[in-house]
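The values are calculated or read from the model by the stated rules, or taken from the named source; none is laboratory data. None of these values were measured; they are calculated from a predicted model. We place every Cβ from the backbone using ideal geometry, glycine too, and count neighbours over all the protein chains shown.
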């Protein structure tokens, strides 16, 4: 097992302080995710999947209980992705946005892990835009760092670690916020609390724009997987995780994945208005220039914001005609 592709991972698993996340490559919405930190744990995970494959019904149906769990269907057990578990996540208590300033003592706040869902538009060949209204999607329960040797990873409670809204439909919209709504909330990532500011939001947005620019620039080098097309645009949902340490006052953005055909319906009714605004912005940036001369695309520099879209990349991939 520890040959070929898993050789380097096997060497790194000798460090018990490092954790890893395994995802079935053909699954989405948190299905099949497991966390591990040793060779024995990974072996048990694969054995668990093999046992599940044997027990799967011939029609390969998923029960109602599994629909909101991390159970994985046999058809999705073809390829796996293993990523480093990112430690020191930025933590907030999402309930703090619902109460008046100073209305809840710090001792009653509980840090929840979250990831950022940003909407990104790739247009033409090639401009990339980041929609500046970013969602913060929280876990349903307070965060705890995975404990070494506390239990087998197959029994590890993933609720503090997984922030997929599709796994938390029972919590309604309590776990969905705008990043801007967190301004003024307490950062609960360390022993000493500090306040989240607009400057933090600006820093995070700048980092996301820079990462997206480099990501799509790299994608252009792999035309098998990504091809930019003139007179076309596509919407992506891009997930980021923000880390925060006491030694640095600046949050650090880490890209997790880029999703084509994002599940925008999970935004919820309270923030549905941002989707309407997003599509208006896309129309102004990607469609109107074909019919109106009111705004010249060449005047929109990288880093500038128009129509709530931040231009992240402007590359000339194909010449005219």
Filter segment 229-248 down to the residues that are touching a strand residue (DSSP E or B) at 6+ places or on another chain (Cβ under 7 Å) and within 16 Å of residue 313 (Cβ to Cβ), then identify the one that is surrounded by the fewest Cβ atoms within 10 Å (Cβ to Cβ). 234
Any idea which of (1) surrounded by 18 or more Cβ atoms within 10 Å (Cβ to Cβ); (2) modelled with pLDDT under 85; (3) under 17 Å from the mean Cα position of the chain (by Cα) is the one residue 77 doesn't satisfy? (3)
Answer yes or no: is there a residue in segment 124-144 that is at positive phi, free of Cβ contacts under 8 Å to residues at least 60 places away in the same chain, out of contact with any strand residue (DSSP E or B) (no Cβ under 8 Å at 6 or more places or on another chain) and assigned to a loop (DSSP other than H, G, I, E, B). no
For segment 249-262, indicate whether the set of residues that are surrounded by 15 or more Cβ atoms within 10 Å (Cβ to Cβ), over 24 Å from residue 199 (Cα atoms) and in contact with a helix residue (DSSP H, G or I) (Cβ under 6 Å, 6 or more places away or on another chain) is non-empty. no
Those residues of segment 178-192 which are surrounded by 13 or more Cβ atoms within 10 Å (Cβ to Cβ), in contact (Cβ under 8 Å) with a residue 60 or more places away in the chain and touching a helix residue (DSSP H, G or I) at 6+ places or on another chain (Cβ under 9 Å) amount to 178, 179, 181, 182, 185, 186, 187, 188
Could you give every pair whose Cβ atoms fall below 7 Å, whose first residue belongs to segment 85-112 and is under 19 Å from residue 136 (Cα atoms) and assigned by TED's automatic domain parsing to the domain that holds residue 240, and whose second residue is modelled with pLDDT under 80 and part of a loop (DSSP other than H, G, I, E, B), counting only separations of at least 6 or pairs across chains? 96/104
